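Q: Dumping the structure here so I can ask a few things about it.
The values are calculated or read from the model by the stated rules, or taken from the named source; none is laboratory data. Just so we're clear, the structure is a prediction, and the values are computed from it rather than from any experiment. Here the Cβ positions follow ideal geometry from the backbone for every residue, glycine too, while neighbour counts run over all protein chains shown.
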């Protein structure tokens, strides 16, 4: 991988991580807001955890997409497959 491609890939990964951290920060602030609104308007009915739960599932999968999958995993798997093919073709 040449230097320019490596830089572009690193930039793409950094932007994905920044996007996740921004999503997480907005989620956490919103959790507090939902709680405050719930307690101020109808403390006898606890509804704040429903939007927190639904949105939290989205944040979780966003994190999985950023940190556990992506091009680095595909790149690693591609290298393994190339190695297997090289070993199969050798007499």
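Q: Output the residues belonging to the stretch 49-88 that are at negative phi, modelled with pLDDT under 80 and not in a helix (DSSP H, G or I).
A: The answer is 69, and nothing else.
Q: May I pose another question? Which members of the stretch 9-39 meet the condition of being modelled with pLDDT under 85 and exposed (fewer than 11 other Cβ atoms within 10 Å of the Cβ)?
A: 10
A quick yes/no check of all residues on (1) in a helix (DSSP H, G or I); (2) in contact (Cβ under 8 Å) with a residue 12 or more places away in the chain; (3) closer than 25 Å to residue 67 by Cβ; (4) in contact with a helix residue (DSSP H, G or I) (Cβ under 6 Å, 6 or more places away or on another chain):
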{"residue": "9", "(1), (2), (3), (4)": "yes, yes, yes, no"}
{"residue": "29", "(1), (2), (3), (4)": "yes, no, yes, no"}
{"residue": "33", "(1), (2), (3), (4)": "yes, no, no, no"}
{"residue": "44", "(1), (2), (3), (4)": "no, no, no, no"}
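Q: Report yes if residue 49 is without any contact (Cβ under 8 Å) to a residue 40 or more places away in the chain, over 14 Å from the mean Cα position of the chain (by Cα) and surrounded by 10 or more Cβ atoms within 10 Å (Cβ to Cβ), otherwise no.
A: Criteria met by residue 49.
Q: Before we move on, is residue 55 surrounded by 11 or more Cβ atoms within 10 Å (Cβ to Cβ) and under 19 Å from the mean Cα position of the chain (by Cα)?
A: Yes.
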